Each structure stands twice: as C-alpha cells, then as structure tokens.
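The values are calculated or read from the model by the stated rules, or taken from the named source; none is laboratory data. For clarity, every value in this text was computed on a predicted model and none was experimentally measured. Reconstructed Cβ throughout: ideal geometry from the backbone, glycine too, with neighbour counts over all protein chains shown.
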Amino acid sequence: MTAAGMTPTEKTSSPANQQHLNETHGDDYEDKIVQEFSHLLEKSKQLFNGLRDLPQYGHKQWQPYFGRTFDVYTKLWKFQQQHRVLLDKKYGLKRCQIGEIASKIGQLYYHFYIRTSETNYLNEAFAFYSAIRTRAYYSKVNREEKPDLMVKKLRYYARFIVVCLLLKKTKIMRELVRELNRQIDEYVKAYDPDDSLEWQLVLNEISSFIDVDNQLNIDHVPITLSYRLTNTIIPPLPTGSDKILSTIQLYTVEEILIIGNYQDQIKFSELTIDMYRMLQAVERQAIESSTSYDEKTTIQSPASTNHQQRDIYNVYDGDFQNRPNPHKYLLYKPTFSQIYAFTASAFKELSQHGTLLLYISADGYDTHLKSKVEQSYDFGGVKTNNRRDDTIDSPNSPSTSATNTLAKKSSPSNTNTSSTAITSNTPTGSIKDAHNIFPGDLYPFLRKPLFLIIDSNNSITFQNMPNLFGQPFVSLLSPIKLPAVFHDYQNKGSLFTLFLTSPMFAFCFVCHLNDLTNEQWVLCQEHINKIIFEITKIFLKSKLVDSTIYHFIGDEFLRLFLARFVFCYAVLRLHRAFKGSGFYPSSQPQLSNDLLENVQVHKMILELSALLNVRQLFLEGPLTTADLISSNQ
C-alpha cells in the first residue's frame, strides 16, 4: 500500500510516524520538566532574597514568609532528586548548583534556629551542610573562570563552622578549619582577589575563637565546654518552697536580648565569646536526631503548623524540656536605635506572666561630669555602636558569610564604637554622648518584669535604678575591677559572664588551672553542683532575701543565674587576688549577707580549692563578721 492510498488512521499508525510522535511527546515532556525546574529555582531565589527585607524582630511578620520559602525549597529539592538524570542532560545541572540549593536549605534551618532558639534546627542545618561536604558538591568550583562560585564555597565553609561550633562538633570543626585554610590558599592563587586579606582575617578569627573555647585540658586533651541547660545542673526547688511561692506570682523568661559590644573581645562572624557563651546558657540541651541526611526524603518547614512544632519539641529529653526555649535576639555591636527597636519588640511580645531577660556585655562609658546628680544619665552607662543604620556591606564581603546571612549588614569600615569615634567633638558640659545606653534608657521597659544582666567596667551605674512601676525587677551587675594578673585575658571573654555560664571553668580560670585529670573534673563538677544546690536552698530559707527575687526563682534559667551569681561573689570574696568591693559583683535588690557571706557555702568552696590543690590562693577560712568589716573599709 502506497502512502497515497493510506487512510488517515493508517498514516498516523505507521511505525515511522509513531516513532516521530513518541519523540515529539518525549521532547515536550522533557521541556516541561526543565521549565518547571527553572521556575522553581527562580522562585526560590526570589523568596530567599526577600528574607533579607523582613523585620529582624517580631514574630508574626516573618513566619508566613519563612513557611512559603521552605515550601518552595521542598518542591525544588524533591524535583531535582526525581529528575536528576534528565536535568543533567537537558538543563546542564551541575553538582555545585545542587550544593547551592542544599546550602540555602541549611541557611534556612540555621536562621529558623536564630529566630526560635530551638537547637533541633541546628541539627537539620548540620545534616545539609554535612551532605555538601561528603558528596563533594563544590569540589570542582576552583576550575571555574570566575571566582563567584569559589566565594560561595568559602562562605559555605564559614557557615558550616558556625553550626559545628554551636553543636560542639569539635573534631569536624577543626577539619573544616584546615580545609578552609587550603581553600583560601587556592582561591588566592587562582584569582588574586581583592578580599584575600579579609578571608585571612576570617580564618584567624575562627582559629582564635576555637582556641579560647578549648582552653581547658582534661588528661592533656582539650575539651569543648557545654553551656546549655541539662537536668543534672538545674538546682531543684527545696522541699517546702511551695508554701513560700504559692502566694507569689511567678514569671518565666520568654524574651531575651543578648547584646555584645566589647570593642576588643575575640569574636567570630557576629558572635563575641561572651555572646556565644550566654546564648547557649539560655538553651536546653536537645537530643540529636538519629535520622541521617540520606534518610531524609522531604524537607519539612518548621514554620508551617503548630502541630509540627509540637512534634519537634517532643524530642527533648525530660519533663522540664516540654516547653520551648525562650526566644532570643543576638545583637552584635548594635546602634542605640537597634537596641531600642529590638527591646521594644521583645517587650511587646511578653505574655501576662512572661519576663524579659536583657543581657549587655559592653565597654563602659563615663560622662566625666564634674557634678553628677541624676542617676538616670549623669553617671554614664555602656557603649553602643555609632554607625549609621542604613549602611550595608559589599555583597562579596566575608563578613556576610556566617551567622547573619539573611540580615542587612553594617559597613565594617564604619563600625567604630563611641570610644573611638568621638575626639575633638566630644560633648562638654551637661551634654551626654548619644551613642550609649544609660540607666534612664531602660526606665520605659520597667513597666513589665525585667531581669537585667550588665557585664561592663561601668556596670555600677545601673545599681540603683528606681522601680517606677512596681513591677518585679532584678539586676545582676559585674565587678568593675579586675586584678592586674588577669588584665591580659580580658579580650578572651568576661570573667563575670564565664561564672554565669560555666562556673567550673570560671573557678579553674581564677585559679590559673588549665589541666585537670578526668577524676578531678568529674569530682569538681559534682562539688560545684552541690554548692549551687545549697545556694538555692538558702535563697528559699533566708528571711532576709528580698521578695522580688522569688518572682523569678521559679524559672530554671533565672534560678541558675541567681545561684551562680552568689557562687561568683563567694569565690571572688575568698580569693586573695580580689581585694575590695569593686572586684565583686553587685545586684539590685542587694542580696543579704546570710546568702552572700554564708559560712557553709564558704566551707564548700574552700573544700573545692583543696580538691584542686589551690587552697593557698584563698583565705584561711570562712569569713567572720570582723573580716567583713575590715575588708569593706
């Protein structure tokens, strides 16, 4: 049968035409796959970039947007998994592009951790970052003609190191630092970039930060300290405390601001060592997920539903972990306006029985006025940053690579604090420097319960803040002096913050101990826990403790801070190198002597010093009334 004599049905059903139709149908299908992938990829980039424009404070504004972004990345990730071969062939999908998608997902999880304080999201971020490394998604980027992909690879390393640092994955972290060092060398040799010195500075910051965090050796091996809350270190409320607390309104810390503005303190990315320690001290230790990256078939948006969040919270260990961690903001060298905006937002979010924890670690500022009358402003305060809020980093700056990758940045060339910026134009007379936080600046926030921690060489200016609105208010204030023998260590973190976050390490530090046996370490941990538990009992037994304290003592985090504060005071009080009231922490309301100068607590501390063979660094015995009078003169 000739072609002319075929019916239409016969023509379309011929083998040649059927093959042509199949090929056409196949091409259309493949084109649709490529188009859908391109659409999802472009949409994901738009949403991810849009995260930078979201308010960095508040809850309701960002959650829906984060949810939509996660949903798109979920579709994109599953889509490239299902059609990997076709996309390799038709789209030219490169391994580095897959790595970039995985890196963005890791960033989303990390920033959800920053927004919610839930450490489980760190584990999710770690899973994706780890997969990029094990599957070598970025292995060939150094062969590219342009340096853009190599910069992305370096930023990925910086972000991965931050996550490992927060998860205490020291071995992997040290491997990553060595790999980053090699990658920076390759980057400099291949492209001779303008930012080579900046990347070298990032590497130096990482190395210094890790060294400071691993100063203590156990059996000659450096250990990475854990600052997070666990069941074993929570001082229980003593028997019978319910009789005292049943008539008092208890408040729970819900919102936290952690502010770091020490000019010369060791830092990495946008975390000073003080901020790093404190942010973990207000988190509960979570159990790592046993699900590996390879077992993950989907990416679940943490912002989607309350049901998902309840599931996430259930992986915590112990009854006390059923509720979420307090929400916190991390502010590295913020301006006054940033501090006020974030504090106001946290203040607004407080529930009826919630309290705000405000932690400020910063250089002090003295007005140097001849006549100081007004407690609110005349005596100075702590420094803030005097940069303009609208300055933004160059997009290629390494400083955008780690903890705050979704936020607008300040220019590193314009981040001087007020101590360095004010020279010949320093205000005189009664004019105050605007780039500082004064006690009076905090008065508006006393309308709700406030727990204040100031770590500064001018903390004393916050000592007598008036309780204008009758709300519960407690402040813990650092010493304003430090013995000369410790001056060289000031850039490695504050001693006061160290006592509040790791009292064992702090005790070893003031005793010049950096090598312990494992047996000593375990015994000392147990001994310090006993001291902390004893201090908590005294808080509830004492008839002289200000009742304001009791409003906060029901919260595990605040109870631990209060007990560690007393431990800090007692240790420094007994230590021979710390002489005079300026070397001891203070508080508002002032704690009674039956708590600060407790004989039983002193005995336990001296026993601890004997256990570590440093008894000679401390006074001969518990302080008597005569000792107290003479030492305060």
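Say we look at the stretch 156-196 and pick out the residues that are under 20 Å from the mean Cα position of the chain (by Cα) and not in a helix (DSSP H, G or I); which of these is farthest from Arg133 (Cα to Cα)?
Restricting to residues being under 20 Å from the mean Cα position of the chain (by Cα) and not in a helix (DSSP H, G or I), the top hit is Lys168.
Being over 28 Å from the mean Cα position of the chain (by Cα) and in a helix (DSSP H, G or I), is that true of even one residue in the stretch 497-504?
No; the residues of the stretch 497-504 include none that is over 28 Å from the mean Cα position of the chain (by Cα) and in a helix (DSSP H, G or I).
Output yes when any residue across the stretch 207-228 is part of a helix (DSSP H, G or I), buried (at least 16 other Cβ atoms within 10 Å of the Cβ) and in contact with a strand residue (DSSP E or B) (Cβ under 7 Å, 6 or more places away or on another chain), and no when none is.
yes
For the stretch 599-619, enumerate the residues that are under 14 Å from Ala570 (Cα atoms) and either in contact with an Asp or Glu (Cβ under 8 Å, 6 or more places away or on another chain) or free of Cβ contacts under 8 Å to residues at least 60 places away in the same chain (or both).
Val599, Gln600, Val601, His602, Lys603, Met604, Leu606, Phe618, Leu619
So Ser587 clears everything in (1) modelled with pLDDT of 95 or more; (2) assigned to a helix (DSSP H, G or I); (3) under 32 Å from the mean Cα position of the chain (by Cα) except one condition, right? Which one?
For Ser587, the failing item is (2).
Yes/no per residue for (1) of a type in the set (Phe, Trp, Tyr); (2) modelled with pLDDT of 95 or more; (3) surrounded by 20 or more Cβ atoms within 10 Å (Cβ to Cβ); (4) touching a Leu at 6+ places or on another chain (Cβ under 9 Å):
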| position | (1), (2), (3), (4) |
| --- | --- |
| Asp274 | no, yes, yes, yes |
| Ala286 | no, no, yes, yes |
| Ser290 | no, no, no, no |
| Thr297 | no, no, no, no |
| Tyr313 | yes, no, no, no |
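Condition first: surrounded by 16 or more Cβ atoms within 10 Å (Cβ to Cβ) and of a type in the set (Phe, Trp, Tyr). Can you find one or more residues in the stretch 481-491 that meet it?
No, the stretch 481-491 has no match at all.
Within the stretch 67-122, restricting attention to residues that are outside any helix (DSSP H, G or I) and more than 29 Å from the chain's Cα centre (by Cα), which residue is surrounded by the fewest Cβ atoms within 10 Å (Cβ to Cβ)?
Filtering first and then ranking leaves Gly92.
Return a yes/no flag: does the stretch 521-541 have any residue that is in contact with a strand residue (DSSP E or B) (Cβ under 7 Å, 6 or more places away or on another chain), outside the structural domain of Thr272 (by TED's automatic domain parsing) and within 27 Å of Val221 (Cα to Cα).
yes
Out of curiosity, is Thr501 surrounded by 18 or more Cβ atoms within 10 Å (Cβ to Cβ) and in the same structural domain as Thr230 (by TED's automatic domain parsing)?
Against the criterion (surrounded by 18 or more Cβ atoms within 10 Å (Cβ to Cβ) and in the same structural domain as Thr230 (by TED's automatic domain parsing)), Thr501 qualifies.
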